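Values in this text are rule-based calculations from the coordinates and carry no lab data. The model shown is predicted, which means the values in this text are computed figures rather than measured ones. Glycine also receives a Cβ, built like all others from the backbone with ideal geometry; neighbour counts cover every protein chain displayed.
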Amino acid sequence: MQELAGLFERRTTADVVFDQLHEEIASLKVLPGAKLSETEVARRFGVSRQPVRDAFAKLENLDLLRIRPQKVTEVRGFSLQRVSHARFVRLAVELEVIRHASSVWDDGCIENMERNLDLQQQSVDADQPDNFHALDYEFHKMICELSGRPMAFETIEECKHKIDRLCILSFGRANESGTLLEDHRKLAHALKTGSAEKAVAIARQHLSRLDDTIADIHKAHPEYFE
């Protein structure tokens, strides 16, 4: 409770509640279809219902909650239509960023990328999928920033929010993190050599790897989908 009290001093109550619930939903600690009560969440955090209501509204805007008047609030399931659209937009933006990055990549970019890749390898070796997920996020963000297109990652991030939970399930599959790391290494090498078309082809394949995961999860857990 002292740790939570310290957070409340620095941030709004709604921010703290939102961040905690977002982490639990995005990491699948709270599964699709789970019921959430304003009263119970408020009691858990020791706050009034208003900041919980505000946090719920933000989560609904991210398509993570379904709020219905006079009914129980639920964690939203996956929508194949929303996932497909988010991935289409992300692909279009990220491929253009990568095409541009290949023309401006320099030694500083290469060094930053190699440090990230070394940390990814350590996570794979230690079988730490959560840590790998965070480094994967930084890898794609770094490409945008180092190529001089930092605002592009805002669009990519918005799309990622809609599929991150599926990505978590993906990292739980055998050798999935290792496969993605190998893609990252190939992409880093293509950027290093300035091969735009090769970099774009690798990125396209990399971003399509979730297709099989989505199909498998939909078949095994239809209850996760709307």
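For F78, which sequence-distant residues (separation of 5 or more, or a different chain) have an amide H within less than 5 Å of its own amide H, given hydrogens modelled in the peptide plane?
Placed amide hydrogens put F225, E226 under 5 Å from F78.
Under 22 Å from the Cα of K192, which lysines turn up, not counting those fewer than eight places away in the same chain?
K141
For the Cα atoms of the chain, what angle does the longest principal axis make with the long axis of helix 80-104, in degrees from 0 to 90, nearest 10?
40
In nm, to one decimal, how far is the N112 label point from the E182 one, both placed 7 Å along Cα→Cβ?
Result for the modelled spin labels: 2.8 nm.
What 222 nm value per residue comes from the helices of the chain, counting each DSSP H run with n ≥ 4 as -39,500 (n - 2.57) and dividing by all residues, nearest 500 deg cm²/dmol?
Details: 12 runs with 165 residues, N = 226.
Value at 222 nm, helices only: -23500 deg cm²/dmol.
To make sure I understand the rule: partners must be lysines, Cα under 21 Å from the Cα of K71, and not fewer than 8 residues away in the same chain. Which ones qualify?
Here the lysines satisfying the reach criterion relative to K71 are K35, K58.
Obtain the nm distance between the two label points defined at K219 and Y137 by a simple spin-label model: each point lies 7 Å from its Cα along the Cα-to-C-beta direction.
With each label point 7 Å from Cα toward Cβ, the separation is 3.1 nm.
So which lysines can K29 reach, going by Cα to Cα under 16 Å and dropping same-chain residues fewer than 8 places off?
In chain and number order, there are no partners.
Compute the helix-to-body angle for 196-207: its Cα long axis versus the longest principal axis of the chain, expressed 0 to 90° and rounded to tens.
Helix 196-207 and the main axis of the chain meet at about 30 degrees.
Which values, in whole Å and largest first, are the semi-axes of the equivalent ellipsoid of segment 2-75 obtained as the square root of 5 times each eigenvalue of the Cα gyration tensor? Intermediate results must be reported in sequence, preceding the final value.
Numbers: eigenvalues 80, 36, 23 Å².
Those come to 20, 13, 11 Å.
What are the residues whose amide H is under 5 Å from the amide H of T73, where those residues sit 5 or more places off or on another chain and H is modelled from the backbone?
Amide H neighbours of T73: L36.
What do you get for Rg/Rh of segment 80-224 when both radii come from the Cα atoms and Rh is the Kirkwood radius?
Details: Rg = 14.8 Å, Rh = 15.5 Å.
Using only Cα positions, Rg/Rh for segment 80-224 is 0.96.
Segment 110-189: which trypsin sites (Lys or Arg not before Pro) are DSSP loop and have at most 16 other beta-carbon atoms within 10 angstrom? It would help to have the intermediate numbers written out before the result.
Numbers: sites: R115, K141, K160, K162, R165, R173, R185, K186; in loops: K162, R173.
Qualifying residues, ordered by number: R173.
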